[in-house]
Amino acid sequence: MPVLPGAEPYRHEGGEVGVLLCHGFTGSPQSLRPWATYLAERGLTVSLPLLPGHGTRWQDMQVTGWQDWYAEVDRELRALRERCGQVFVFGLSMGGALALRLAAKHGDGVAGLVLVNPANKVHGAAAHALPVVRHLVPSRPGIASDIAKEGMRELAYDRVPLHAAHSMRRFFRLVDAELPQVTQPVLLLHSPRDHVVPPADSARILGRISSTDVKEILLEQSYHVATLDHDAERIFEESHAFVGRLAPSTGTSGFPMPEARGGSTTGG
């Protein structure tokens, strides 16, 4: 299936400091594109991949799982590390869980994390029924566009494929067990009025990681997709300052990135 207009991956060749951005479950790079371009305009090398099964139709996601989504961001991180002196990983929602696992597995290969409304658990009684219900019902109503700002829309599926949701639930359990292995500096921004991921997820992540350089910011004016909401500019500015503090060479000239794989667009 062709990628939906606006859901394409984004890459920008910048300096020797790189940023990998990870979008959320059933979402697409569109939710992080303004963030990615903000960083690119300030000289960073940026990679914002499209996760497998996303950005087309929800049925395509039914045949993918966390191993596919993680493999994609792992490849992108390795590619950035070959060309950049330091690489940071940013993530929204499930993308935050992907970022945390990259940090746990790659150690010093990840210079720091910026997490926006990171997800840690599938909540509610329905979560416990997923192992059985997914074989009986293919999908349920979607979770997209939890945004306070009027007129803003997230490009994401209007249905949640339950085989994929079950895989995500298993992934969250795996990442939760690995959180003590996360030692990198962390900037965590979350919305008290998030209708998709409760604040308890951010609290658990902060309570279990081993990082000592940690900053928490509340996004009082935004819902779940805060990167498209009222607090978006604050997220962009705080994350750029976070990178600048840890990577003094931000924006300096680096190495060329390879041609993007099929369907990608290069910013610039």
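Miscellaneous remarks
- Cut-off 14 Å between beta-carbons: net charge of the residues surrounding Val110, Lys and Arg +1, Asp and Glu -1: -1
- Of (i) 139; (ii) 240; (iii) 111, the label for volume of the Cα convex hull per residue in Å³ derived from the coordinates: (iii)
- Per-residue ellipticity at 222 nm, computed for the chain from helices alone with -39500 (n - 2.57) per DSSP H run of at least four residues, works out to -11000 deg cm²/dmol.
- The gain in end-to-end length when the Arg75 to Arg169 segment is fully stretched comes to 31.6 nm, 0.36 nm per residue minus the alpha carbon separation.
- Each of Asp60 and Glu238 was given a label point 7 Å from its Cα along the Cα-to-Cβ line. The distance between the two points is 3.3 nm.
- Cα-based helix-to-principal-axis angle, 232-246 vs the chain, degrees rounded to 10: 50 degrees
- Share of Cα-Cα pairs in region 4-98 lying beyond 24 Å, as whole percent: 15 percent
- For Arg140 and Glu216, a Förster radius of 25 Å and the Cβ-Cβ distance give a FRET efficiency of 0.20, rounded to the nearest 0.05.
- At full extension, Asp158 and Arg245 could sit 27.4 nm farther apart than now, given 0.36 nm per residue minus the alpha carbon distance.
- Distances between placed amide hydrogens fall under 5 Å for Phe88 paired with Gly18, Val19, Leu20, Ala111, all partners being 5 or more residues away or on another chain.
- Computed over protein heavy atoms with a 1.4 Å probe, the accessible surface of the chain works out to 41 Å² per residue.
- Just checking the listed ones, Pro52, Pro248, Pro185: in the Gaussian network model of the chain with Cα springs under 10 Å, the one fluctuating most is Pro248.
- Axis angle, to the nearest 10 degrees, between helix 162-178 and the longest C-alpha principal axis of the chain: 50 degrees.
- Under the criterion of Cα pairs below 8 Å and six or more residues apart, the relative contact order for the chain equals 26 percent.
The values are calculated or read from the model by the stated rules, or taken from the named source; none is laboratory data. None of the values given here were measured: they were computed from a predicted structure. Neighbour counts run over all protein chains shown; Cβ positions are idealised from the backbone, glycine included. Surface accessibility is based on the protein's heavy atoms, side chains included, excluding ligands, DNA and RNA. Shrake-Rupley method; radii C 1.70, N 1.55, O 1.52, S 1.80 Å.
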